[in-house]
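To keep things clear, I will list the structure first and then write my remarks on it.
A short reminder: the numbers here are calculations on the coordinates, not readings from a lab. Small disclaimer: the values here were computed from a predicted structure and weren't measured. Cβ atoms come from the backbone with ideal geometry, glycine included; neighbour counts cover every protein chain shown.
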Amino acid sequence: MWWAPRLGEPLPRGAEAVGVHHKLETYSLVVSHERGGDKARVFATALGITRRDVDHLAAEILRGLMRQPVTSVEMTPWGLSCRVRIPVRGVGIHDERVVPVSTGWELRYVGDRPRLVNAYIKKRK
C-alpha cells in the first residue's frame, strides 16, 4: 500500500500517538484484568513498573516510538496494524534495566494518528 508505514522507519505521526495512557491504565498494567493481568505481572517483575508508574511507561513508549522502526505491518478489518519494539527503562531497583516492549498500533485510515492497542513484554521461555 502506498500509504502504509515503511518497515525499518519510525511510525508516521508517532509524536501524535493517542490512547497510550488509556490502554496502559485500563489493560496492560491492570493485574486484575482477565486478559491484561499477565502483561501487568511481567511489567512488574521485569521492570518494577506497576499502574502507579503509568506516566513513566507512557513517556518511555512515546519517546521510543519516535526513534524505533516499525517491525511489521498487517492489514486488518479495522485498518493497519503496526508493531514497534521499544526499549523501556525500569523504575526503582530496576532503573538500570532496559527491556524491549512490544507495542501494537492501529491506523484506521490514511493520515490517521497511531492508536496504541497493545503493549507487553514477551515472557522468556
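Values as computed for the structure displayed
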quantity: Cβ-based net charge around residue 92, under 15 Å, with every Lys or Arg adding one and every Asp or Glu removing one; calculated: -1
quantity: Debye, to nearest 20: dipole size of the chain, +1 on Lys, Arg Cβ, -1 on Asp, Glu Cβ; calculated: 320
quantity: Taking the C-alpha atoms of the stretch 68-125, convex hull volume expressed per residue in Å³; calculated: 106
quantity: Segment residue 85-residue 16, length gained on full extension (0.36 nm per residue, minus Cα span); calculated: 23.1 nm
quantity: Potential extension, residue 78-residue 108 segment - 0.36 nm per residue separation minus Cα distance; calculated: 10.2 nm
quantity: Calculated diffusion of the stretch 15-120, Stokes-Einstein form, Kirkwood radius summed over Cα pairs, 10 °C and 1.306 mPa s, µm²/s; calculated: 114
